[in-house]
Every structure is written in C-alpha cells, then in structure tokens.
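Report on the following structure.
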Amino acid sequence: MKRQAGEDTAAAPERDGEAARPQDGTRGRNLPELIVATFLELTRSRHPNAITFRDIAAAAGISHMAPYRHFKSRQELLNRIADIGFGMLAASLDAVAARHPKEPRRQIVAACTCYYRFAADHPAYAHLMFGTDRALWDKAEPLPSLERTRAILLRIVHACQLSGDVPRGIDEKKLLGLLWAHVHGFTLLAANRVLTEHETGAPEAFIEAGVRVILAGLGELGAGPS
C-alpha cells in the first residue's frame, strides 16, 4: 500500500494534551469513535486508500495529531473498523440462525439475506470490509470478529450437511464461496442500481430464490446419476 510520508506511520510524540483538545464543538466526544465515524463518512466520496489522518482530523474538526494518539497507523484504524463491522455482522448472523434452530436449510437462506441486509443498512462498513482493494488488507492483523463470523457460517453449513439438505461430500468453504458469490454479486449490483426491484422484485425474496436454486443443484450433484 502506498503511503504518504508522515501520514500513515506512527508519529513523533506530541505535546501533552494536544490531541485532547477537539475543535469546533467536538469537545467531550469519544475521539476514537469520532475518528472511525469520520473515516467511514469520507469513504462515501473517496477511496479509503486516499484518505489520510490529516483529512480525518480536518473533517472531524480535531487536532491534526489526534488520530495518531489513538491509532498508530491507518492500518490499525482499518483493523478497528473491520473488527467493529464483522462484530455487527456476526451478531446479526447469530440472531437469524437462532430463529430456526432445527432448520439448517432455512438458516443458510437467512444468513444470505442477512448479509444483504447488513450491506444495505451499513454501506460504509460493507464497502470497506468487502469492496476495497486487497492491498488494504495485506497487512491486517487477525480479527476475532472475522473468525467468529466464519465460525458461525461454517457451523450453519455443517448442520445443513448433517441434516442431508446439502451433500456431505461438498467442501464447506467452497459452498460458502458459492453462496457468497451469489449474494455479494447481487448486493453490489443492487447498490449501484444496475439491478433494481423492477427487475428482481423484493431483494430478500430474490436472494432466497437464488440460494434455493444453488442448494437444489448441489443436491442433484450429490445424488449422482439416476
């Protein structure tokens, strides 16, 4: 990732209290949360790779050194934002799966529509988590919430295999990749209004129909020739 000199590496120690003096009405706010929220807002009109700490500070109305007080680098800020986002996604996946404790097939459908709803409700997080350059994550640290998200999805798929709704011989990660490609592709097209409800109908119903087609096709593959 290309860095601008002095912007995205740890800064020299600042004078005591310099970053603790927010400007323009931000006094008393939680600065890390303000920095995260400002970065996400800036990504609505700019690529994350082009946003510097100085840009964040200027937009937030805080000292230009304040971001360095809470995040040693832009990568550390990205890690924090992704951990928050995957934490929200994992909580949502857990909640929708809990609604169908004995119906693994419905859990898969619910998880896929949950992904779409998360991206629709939190576009800035989704764009940063799934829609930016791979280079942004080359140096990312392991994220506990990402591992939790993967574990929840793999648990759902495994339960679906045990129930016979999905053939057991199919690799769980490949199945997740297949479902993700369907849901993410639709989510991206819908976000850019390439596909609208005029063509697809209700988004959740469209996603559910596609997931059922995929699962039905996998079932036929598992059954083998008649």
Relative contact order, percent, of the stretch 43-187 when contacts are C-alpha pairs under 8 Å separated by at least 6 residues? 28
Between the stretch 141-179 and the stretch 46-82, how far is it from one alpha carbon centroid to the other, in angstrom? 34
ARG46-LYS173 pseudo-label distance in nm [points 7 Å out on the Cα-to-Cβ vector]: 3.7
Can you sort LEU215, LEU195, LEU154 from fewest to most other Cβ atoms within 10 Å of each residue's own Cβ? LEU154, LEU195, LEU215
Spin-label pair ASN192/ARG117, simplified geometry with 7 Å Cα→Cβ offset, distance in nm: 2.6
Sorted peptide list for 98-104, 174-180, criterion being average Cβ within 10 angstrom, highest first: 174-180, 98-104
By Cβ neighbour count within 10 Å, fewest first, ILE84, ILE108 rank ILE84, ILE108
Please arrange HIS198, HIS158 by how many other C-beta atoms lie within 10 Å of their C-beta, fewest to most. HIS198, HIS158
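A short reminder: the numbers here are calculations on the coordinates, not readings from a lab. In this text the structure is predicted, and so the values were computed from the model without any measurement. Please note: Cβ atoms are built from the backbone with ideal geometry, for glycine as well, and neighbour counts cover all protein chains shown.
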